Each structure stands twice: as C-alpha cells, then as structure tokens.
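Read through the structure below, which is laid out as structure tokens, and then see the notes.
The values are calculated or read from the model by the stated rules, or taken from the named source; none is laboratory data. As the structure is a prediction and not an experimental result, all values here were calculated from the model. Cβ placement follows ideal geometry from the backbone for every residue including glycine, while neighbour counts extend to all protein chains displayed.
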Amino acid sequence: VTVHLVGAGPGDPDLLTVRAARLLAAADVVVHDRLAALATALARPGAELVDVGKAPGGRAVPQDAIDGLLVDLGRSGREVVRLKGGDPFLFGRGGEEALALARAGVPFTVVPGVTSAFAAPAAAGIPVTHRGLSAAVTVVTGHRAGDGATDWDAVARLGGTVVVLMGVATRGAIADRLVAAGMDPATPVAAVRWGTRPDQEVLRCRLDELGAAPVEAPSAIVVGAVAALDLGALAPLAAARG
Ligand SMILES: C[S@@+](CC[C@H](N)C(=O)[O-])C[C@H]1O[C@@H](n2cnc3c(N)ncnc32)[C@H](O)[C@@H]1O
C-alpha cells in the first residue's frame, strides 16, 4: 500500500487514532488540508509536507489536481499520507480521492478519524444525543444550503439534534428554513469554533438569533435542546493533556 487516506481528527493532535499517528511517523510525504495542519507535527522529521488547503480568502488546490497529485505520488512508490480534517469520509471529499486512486490502480487504505461533528460539541460540553432530550442526530452541510440537496423540512421534523458543518455563511437562511418548518425559534444553538483546539470558542444563542450572531468559520453549529447543556467535565479536551 502506498497511499493512506487518514482522518486527522478535529484539531487537537491528541485526538488522532493510534493508526494515524503510526502512519504519520512512517510517511515520506504528507498531503494535508488546512484543518489538518496541527497534526502534521506528528510527521517524521524530514517528511515532505504538501499543503493543499484553503486559507481564508485564499485559493485551494482544485480537487482534480489533488486527485492527480495523490495518484502520481502513489505511483512513485513512496509512503503517502493524505491527511484530512476529522473523518475523511464525512464531507471531506475522501470518497472522490479513493475513487481516483482506485481508477488509477493505486493501492490505498482508509483510516477513519474522530469527526468534528461530534468532537467539537463534546469539547463544548454538549452530548449530541441525551436521554430525554434528543434521540437522534442529523449531520448536514450548510454549504450551498439553497440548492435543494438537503430537505430542511425533513431535518426539522426529525426532532433530534442538528449539527451543521460548513454552515457559517448560510446560518441565517438555515435558521429561517428550520423555523419555517416548525422548529421553535427559541431552540438552543451552540456554535463551536476550532473545537478541541486551544483557541476553541463557543457561542450560544437562540435559533432565531443565529443569523445575526457573530459566528466565524470553521464552526460546528449545534441546533437542539442539547445545545443548552454544558457538561463542563468534558471540556476542553485540549486541557486533558495538562
Ligand atoms: C470540509 S468539512 C470537513 C469535515 C471533517 N471531515 C470532519 O469529519 O470533521 C469542514 C467543516 O468541518 C467543521 N469543522 C472541522 N473542524 C472543526 C473544529 N475543530 N471545530 C469546529 N468545526 C470544525 C467546520 O464546519 C468546517 O467548515
């Protein structure tokens, strides 16, 4: 195997899997996103680091160029880690990279990661399900919230917790859609920015205040009764290192 599609976890490098840390320590090349940058500290000294991430306002390397780079690196016979924030198969375009490698006949493995969708809320003291409060959790992307890809009425009707990733720019429209679909405007919301990292920020408000709230990317936006909880014992995960 030459290419490993590896989840870097939500930000705190301590939340990498043991396998991810082992592969990073052995890799010749690490191709990483912006949100996976902290974990590159675990790469072997001397490993080549390739940043294909998008800086705010900057240009990201186009996905087909990343796919092509992974295929070329894989064919070179070097040990390649493709490091992606959170879990590589949750809104990470890891599936597209796996397909490109498979089509090119390049052997690869997938290493799941701790997703920010659950870890960022946990780092703010919020369990995404909680007996008596929420029996379901829906993880949705807010990216292109208006393009019809997500049935927001169905999301609202489900009645559990909603975790929105990539939803900062569209948060007002999403809140309007959820309220129009019957969600209580007073539903608690927590926006967790840079969850699990030392610079983590948590903003809490009501659903009908979300559009005007000063939320910045990257944030996981939690909508539902659980968002009012703050089980401080869980937060912040970064502090567990002492
Ligand atoms: C392209 S998606 C990738 C998600 C990733 N595959 C995962 O499982 O966490 C990027 C979005 O994930 C969320 N995100 C990633 N890391 C985060 C963190 N540490 N805190 C809060 N949100 C985070 C943000 O919503 C961000 O816009």
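I'd like to check something: does segment 129-137 contain any residue that is within 16 Å of the ligand (Cβ to nearest atom) and either assigned to a strand (DSSP E or B) or under 18 Å from the mean Cα position of the chain (by Cα) (or both)? Yes: one or more hits. So which residues in segment 138-171 are within 14 Å of the ligand (Cβ to nearest atom) and among the small types (Gly, Ala, Ser)? Listed by number, the residues that qualify are Gly142, Ala145, Gly167, Ala169. In segment 57-94, of all residues being away from the ligand (no atom under 11 Å from the Cβ) and more than 15 Å from Val3 (Cβ to Cβ), the one that is surrounded by the most Cβ atoms within 10 Å (Cβ to Cβ) corresponds to Val61. Residues considered: Gly211, Gly167. Of these, the only one that is surrounded by fewer than 16 Cβ atoms within 10 Å (Cβ to Cβ) and either touching a helix residue (DSSP H, G or I) at 6+ places or on another chain (Cβ under 7 Å) or in contact (Cβ under 8 Å) with a residue 40 or more places away in the chain (or both) is Gly211.
Going residue by residue through segment 95-110, is there one that turns out to be farther than 19 Å from Thr2 by Cβ and either touching a Gly at 6+ places or on another chain (Cβ under 6 Å) or away from the ligand (no atom under 13 Å from the Cβ) (or both)? No, that holds for no residue. With respect to the conditions (1) closer than 18 Å to Asp33 by Cα; (2) out of contact with any strand residue (DSSP E or B) (no Cβ under 9 Å at 6 or more places or on another chain), Gly113 lacks only one, and its number is (2). Number of residues in segment 96-145 that are over 30 Å from Arg204 (Cβ atoms), without any contact (Cβ under 8 Å) to a residue 40 or more places away in the chain and loosely packed, with under 14 Cβ neighbours inside 10 Å equals 5. Does at least one position in segment 187-203 carry a residue that is surrounded by 14 or more Cβ atoms within 10 Å (Cβ to Cβ), touching a residue at least 24 places away in the same chain (Cβ under 8 Å), under 24 Å from Gly92 (Cα atoms) and among the charged types (D, E, K, R)? Yes, because at least one residue in segment 187-203 is surrounded by 14 or more Cβ atoms within 10 Å (Cβ to Cβ), touching a residue at least 24 places away in the same chain (Cβ under 8 Å), under 24 Å from Gly92 (Cα atoms) and among the charged types (D, E, K, R). Taking the numbered list (1) touching an Asp or Glu at 6+ places or on another chain (Cβ under 9 Å); (2) outside any loop (DSSP other than H, G, I, E, B) in turn, Val164 passes all entries but (1). So, Leu158, is that one modelled with pLDDT of 95 or more, hydrophobic (A, V, I, L, M, F, W, C) and either buried (at least 18 other Cβ atoms within 10 Å of the Cβ) or out of contact with any Asp or Glu (no Cβ under 8 Å at 6 or more places or on another chain) (or both) or not? So Leu158 fails the test.
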